[in-house]
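The values are calculated or read from the model by the stated rules, or taken from the named source; none is laboratory data. Remember, it's a predicted structure, so these values are computed and weren't measured experimentally. Here the Cβ is made from the backbone with ideal geometry for all residues, glycine too, and neighbour counts use every protein chain on show.
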């Protein structure tokens, strides 16, 4: 099964821009969810234990990994497993 990547962002977040550019350069499709435009997304970020964006959720079958911040090494490792 193909991995699903969801990134919770906000417009004023430089690390969010950097992560989206990085994912795009790696040709990794992702779903962006702006926490300022949808209160449910903000609540989800809080539920995931985050206090800042970006928050990336990688769903691979039954497993779900959460990456707080733009951690390129962790993202690369998780995305290579798929």
Please enumerate the residues belonging to segment 1-11 that are exposed (fewer than 14 other Cβ atoms within 10 Å of the Cβ) and either at pLDDT 95 or above or in contact with a strand residue (DSSP E or B) (Cβ under 8 Å, 6 or more places away or on another chain) (or both).
1, 11
Would you say residue 12 is under 9 Å from the mean Cα position of the chain (by Cα) and part of a loop (DSSP other than H, G, I, E, B)?
no
Look at residue 25 and say whether it is surrounded by fewer than 14 Cβ atoms within 10 Å (Cβ to Cβ) and at pLDDT below 95.
no
Single match in 59, 46 (criterion: free of Cβ contacts under 8 Å to residues at least 24 places away in the same chain and either over 16 Å from residue 4 (Cα atoms) or part of a strand (DSSP E or B) (or both))
46
Residue that is modelled with the lowest pLDDT [pool: residues in segment 29-67 that are out of contact with any strand residue (DSSP E or B) (no Cβ under 6 Å at 6 or more places or on another chain) and buried (at least 16 other Cβ atoms within 10 Å of the Cβ)]
60
